[in-house]
Structures are given as structure tokens and as C-alpha cells.
Ligand code: GLT
Ligand code: MN
Ligand code: MN
């Protein structure tokens, strides 16, 4: 039996736009034929995924008549039923239409803002009809080339207004749906508002219905800003706001590459899987493991499925390597909490201020000089991480 073969319980999902990417880039046109959404559903199930996500436009091309829309949706639902696939997440394309060139919810033109809101309400209806429990918001055009065009505080206020409106729409319709906000620092805009997951987390707290809004961090986007995806995800998990995740890979300092998960910076990928799966302890992330990536432009359709299988297989291998690392007695020894009475007493003095504790803290012996001289063994720890990652060291 192949222990790295994906199973439904792994909750692996792909967007129609990911495996369906035709390989267009700013310098060249498509290199692959578009695939029918129902074909993608069947192929993803064969590869071992459990879910498929979509933008409104991925399934229903703009300008489709109401009758044709219903027929497309019915066919798609039938493919989901036949295969047992689910649609865990849906999103709105608020970036392709020329009207969105100055933003969608944050655009200066009220007609554009109204169009964005109306389009999103329809995309929410579509997602809910397909069973989606999460609506992602990636504001690709919500930004500027020149900040001379608007007070950035107005951009922030408009974004809040739109999300408050849409949360109220969801409640009014009795939908069982939560929102996940996805940050990106730039591309396609020169600068995008709410550049990182940290910015988004702060913004979420300012919303009327903040309990129904969380984040959707993406590896490539945090790395584009030169930041740690592991820390972004940790902050979201700690705040109970990791509602969804976009897994992929990225070389630092480049455009948004959306590469196969684990194909760059394997150490970060290992530490990310370790965090999501809780192999070092702590809560596990329970939502979909979504791969927001696409195959190299060099590939034909077979290469696309090879890419999809690769994302899932690498995730499972990294999960096994993380388990092995955390089961290693030498690792546990290096990072264990000191449990001797003196350490525990000092620790107790630092938790929950009161005047007596503060007095005792002023007086107790801490010996910072000796502590400054102590080696911590993290070179050894990291070498152990690398050896588990490379498979030359294994613990059950
Ligand atoms: C687009 C973007 C992604 C977003 C998608 C959701 S669309 O491909 O690059 O990061 O997650 O709108
Ligand atoms: Mn993404
Ligand atoms: Mn991306």
C-alpha cells in the first residue's frame, strides 16, 4: 500500500483556476486547452482530491443567460454527486473585468463599487448552492499605482463597508457561510491594501460581524513580502482565524509564482505542515488543504495531473517527516520546557500580575550572565530537522 496516496480524509482541494490554468503569462498566450469544469472534477477525484473550489467566472462565464447558468450549475452538481467531490470554498472574480482596473470595493467610482457588491452577492449565492462553507476574498485590484488617486484611509473604510454589507447579506439569507480574507502585497496592483495576513487579522477585528470573518493566508504572498508564512499562519491559528489556506511555493523576491507545493523552500514547507497538523502539539487545522498553484507553463494536461498529485504527495511526505522529527527523543530533549522547581517558580512569577509577584520578581535570583553564556543547541536541532527532512534519520 502507498502510504502517501491521498485520501478523502486528507481534505485536499484545488481551484478550477489552478489545474485549469492554461499557461498564459504577461509574455505569451495559452499553451494548454481549457478543460470543462466537470472534467476537472472527475480528474481531481481520480488524483485523490476531496474538493474543488471556484470563482463565479470559472464556472459561469460572464454574460451567460439565466437558463444557461442553471444548466451549467446542474451539470456541475451532478459531477460532484457522481464523484463524491465537494465544493468547500467559492470566491468572486473581482479582478478580470476592465471595470475593476481601479479596484472593486475600494474603487473611486460608486457604480464600480455597486457592480462589485452585486457580483459578490451572486457569487455567494452560487457558492452556497454548491455547498461551499467558505467564501474567499482576494482583493487583487484593491490597491493603487499612485496613492495620489485616493486617501488610503478611504480605501480601508470602503473595504470595511463592503464586508459589513456582505456579512449582513449572508445573515439575512440564513446562509451557513464564513468569509476568509486573502492578503497579497502587490501584483497586479503596484501596492495592494492589507498587504499581509497580519494586516488582515487586524482589519477583521474592526468588522461588525467579525466572528464570521477569518483569513486565507497564501505561502507565495507572504513570501513575496519577505515574511514567514509559518508565523502568519501561527498568528491566525492562535486567534482562531485560520478559516482556509492557500498552499503553494515561491522563490523569494519574485512575482507571484504559485508553484507546486513544496517545490521551493522545503524547510518552510515542513514547518508549515508541522504547524497545521499539530505534530509538535497544539490544535490542528481542521479545514481544507487547498493548493492555489498551477503547473509549469512547459506542461501538457498530463503534466497538470502530475503537478496535482505532486502537491498532495509532498504534503503527506512532509507530514510523515514532521511526525518523525517530533518523535525524536533528541529533539524533544532540546526543546523541552524546564520542569525543575526553580524554573517553575520563576515562570509562575511572570504569569498574572499582582503586587506580591512583582515584588518577588524584583528580588529573585535570575543570573542573566550565566544564561547569556549558555548554548541552546539549536544548530543541532536544525541539523536534526534537516536530517529528518532528507530522510536519513527516522523515528516512529
Ligand atoms: C488568483 C490569485 C489567488 C487567489 C485566487 C482567489 S485568484 O489566482 O492569484 O491567490 O487566491 O481569488
Ligand atoms: Mn491564493
Ligand atoms: Mn498566488
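Any residue that is away from ligand 2 (no atom under 13 Å from the Cβ) and on the phi > 0 side of the Ramachandran plot - is there at least one of those in the range 203-212? Working first, answer last.
Of the residues in the range 203-212, the ones away from ligand 2 (no atom under 13 Å from the Cβ) are 203-212.
Next, from what is left, pick out any that are on the phi > 0 side of the Ramachandran plot: none.
There is no residue in the range 203-212 that is away from ligand 2 (no atom under 13 Å from the Cβ) and on the phi > 0 side of the Ramachandran plot.
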Residues of the range 171-202 classified as at positive phi and either more than 17 Å from the chain's Cα centre (by Cα) or within 13 Å of ligand 2 (Cβ to nearest atom) (or both), total: 2
task: Return yes or no: is residue 218 without any contact (Cβ under 8 Å) to a residue 24 or more places away in the chain, in contact with a strand residue (DSSP E or B) (Cβ under 7 Å, 6 or more places away or on another chain) and within 14 Å of ligand 3 (Cβ to nearest atom)?
output: no
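Taking the condition of being in a helix (DSSP H, G or I) and buried (at least 19 other Cβ atoms within 10 Å of the Cβ), how many residues in the range 284-307 meet it? Please lay out each step first, then the result.
Start the filter on the range 284-307 by keeping residues that are in a helix (DSSP H, G or I), which leaves 301-307.
Applying the additional criterion that residues be buried (at least 19 other Cβ atoms within 10 Å of the Cβ) yields 304, 307.
The number of residues fulfilling the criteria is 2.
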task: Kindly list, by first and then second residue, each pair from a residue in the range 351-366 that is over 18 Å from residue 341 (Cα atoms) to a residue that is surrounded by 10 or more Cβ atoms within 10 Å (Cβ to Cβ) and at pLDDT 95 or above, limited to pairs with Cβ atoms under 9 Å and residues at least 6 apart or on different chains.
output: 358/349
- prompt: (1) more than 15 Å from ligand 3 (Cβ to nearest atom); (2) within 27 Å of residue 161 (Cβ to Cβ); (3) more than 14 Å from the chain's Cα centre (by Cα): which one isn't true of residue 225, the others all being true?
  reply: (1)
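Conditions (1) surrounded by fewer than 17 Cβ atoms within 10 Å (Cβ to Cβ); (2) within 16 Å of ligand 3 (Cβ to nearest atom), marked per residue:
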site	(1), (2)
153	yes, no
166	no, no
178	no, no
181	no, yes
204	no, no
207	no, no
field: Test: residue in the range 112-133 that is touching a strand residue (DSSP E or B) at 6+ places or on another chain (Cβ under 8 Å), farther than 22 Å from residue 64 by Cα and more than 14 Å from ligand 1 (Cβ to nearest atom)
entry: yes
message: Show the residue pairs meeting these rules: Cβ distance below 7 Å; 6+ apart or different chains; first residue within the range 149-160 and farther than 11 Å from residue 108 by Cα; second residue surrounded by fewer than 17 Cβ atoms within 10 Å (Cβ to Cβ).
response: 160/206
query: Here is a list of conditions, (1) touching a helix residue (DSSP H, G or I) at 6+ places or on another chain (Cβ under 9 Å); (2) within 15 Å of ligand 1 (Cβ to nearest atom), and residue 167 meets all of them except one; can you say which number that is?
result: (2)
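Out of 198, 174, 131, which single residue is out of contact with any helix residue (DSSP H, G or I) (no Cβ under 6 Å at 6 or more places or on another chain) and farther than 24 Å from residue 247 by Cβ?
Checking each option against the conditions leaves just 174.
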message: Please list, ordered by residue number, the helices (runs of 4 or more DSSP H) wholly in the range 25-128 having 2 or more residues that are touching a helix residue (DSSP H, G or I) at 6+ places or on another chain (Cβ under 6 Å) and free of Cβ contacts under 8 Å to residues at least 60 places away in the same chain.
response: 37-47, 66-83
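The values are calculated or read from the model by the stated rules, or taken from the named source; none is laboratory data. Remember, predicted model here, so these are calculated numbers, not experimental data. Positions of Cβ are generated from backbone atoms using ideal geometry, with glycine treated the same way; all protein chains shown enter the neighbour counts.
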